[in-house]
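The values are calculated or read from the model by the stated rules, or taken from the named source; none is laboratory data. Everything quoted here is computed from the prediction, not taken from an experiment. Positions of Cβ are backbone-derived with ideal geometry, glycine not excepted, and every protein chain shown enters the neighbour counts. Accessible surface areas use protein heavy atoms only, side chains included; no ligands, DNA or RNA. Shrake-Rupley method; radii C 1.70, N 1.55, O 1.52, S 1.80 Å.
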Amino acid sequence: MNKPGFGGLRGLKSVRIFPIEENTTTAYTTEEKVDLPFAQNLGKDVSRNEQPVYADDEIYDNISDYQYEDLTLTIVELSLKIEALLQGSTFDEETGVYTFRNTDVAPDFALGYAALRKDGNYRMFKHYCVKLMNVNVSHNTKGDNAEYQTYELTFRNSQRRADGAVRVIKDSEDGK
């Protein structure tokens, strides 16, 4: 049972990725975090394989197997350097040029973020293994509109090979 004051979540902050160094049946390690600033929204859609089990011409049980989770992150700004990192592409620091090739393969990352709880502390989330599937941005004329053209990043979440863990969630107790 929830303690009083531990109700709903508000907001989104501290979105970051961690490049995965190793994700094997015996080891899981990540590199230093890379911040993904200017997050506006993060949505989740879990995909399950549902299989009914019949007995005596009725449904005896429903088996539900986790397949994957799609995470859609909306951000206001995406630097070319970070986009290249996410896509497995190249970014030339000297010239500032990002080059995408149709043979580029997006690497795996861990993805972390926090949501503010009603009591002022945070609920922290970490997805162990995500891969960028798509980057969407719509370019519109400015007109009378003051809105920015946001980037929508779609990640597919899968499991950590060492133990099958998909994500971990922890509530902070110190406001961080």
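Taking Asp56 as the residue in question, decide whether it is under 26 Å from Val168 (Cβ atoms) and either modelled with pLDDT under 95 or of a type in the set (Asp, Glu) (or both).
no
Sort out which residues of region 20-51 are of a type in the set (A, V, I, L, M) and touching a strand residue (DSSP E or B) at 6+ places or on another chain (Cβ under 7 Å), and write them in order of number.
Hits for region 20-51 are Ile20, Val34, Leu36, Ala39, Leu42, Val46.
Out of all the residues in region 116-138, is one or more touching a residue at least 40 places away in the same chain (Cβ under 8 Å), touching an Asp or Glu at 6+ places or on another chain (Cβ under 6 Å) and open to solvent by 50 Å² or more (accessible area, probe 1.4 Å)?
yes
Would you pick out the residues in region 84-115 that are touching a residue at least 60 places away in the same chain (Cβ under 8 Å) and in a loop (DSSP other than H, G, I, E, B)?
Residue satisfying the conditions is Pro107 alone.
Filtering region 77-115 down to residues that are of a type in the set (Asp, Glu) and more than 16 Å from Lys131 (Cα to Cα), which residue is surrounded by the fewest Cβ atoms within 10 Å (Cβ to Cβ)?
Glu94
Report, by residue number, each residue of region 19-76 that is in contact (Cβ under 8 Å) with a residue 60 or more places away in the chain, charged (D, E, K, R) and either exposed (fewer than 15 other Cβ atoms within 10 Å of the Cβ) or in a loop (DSSP other than H, G, I, E, B) (or both).
Result: Lys33, single match.
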